[in-house]
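Remarks on the structure that follows.
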Amino acid sequence: MNSHLSRLSRPGAYWDRSGNVVRDWNTDQALPNYEGKCMVYLDIQGPVLMNTYLLNGERRWESAE
């Protein structure tokens, strides 16, 4: 994990792209209705913070910065 995304700034959820679901960082429980800040691993950038929300049942993403 990049140093700028320290444990203190890490959100409570992350995107599990293999499972195609947001998961709780501490319990690994699936959070299909989660909306808010989420850690996402992008192939080109590595881990980044994104805001995620549902729109008509579809997961949407936008920059958290």
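Each value in this text was obtained by applying a stated rule to the coordinates, not by laboratory testing. This one's a predicted model, so the numbers in the text were calculated from it and none came from an experiment. Because the Cβ atoms are built from the backbone with ideal geometry, glycine has one as well, and the counts that use them run over all protein chains shown.
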Problem set entry | Highest-first arrangement of 55-62, 28-35, where packing means the average Cβ count within 10 Å | 28-35, 55-62
Problem set entry | Distance between modelled label sites at Arg60 and Tyr41, nm, 7 Å Cα→Cβ extension | 2.7
Seminar exercise, completed: For Arg17, placing the label point 7 angstrom along Cα-to-beta-carbon and taking region 38-65, residues whose amide nitrogen sits under 12 Å are 40-48
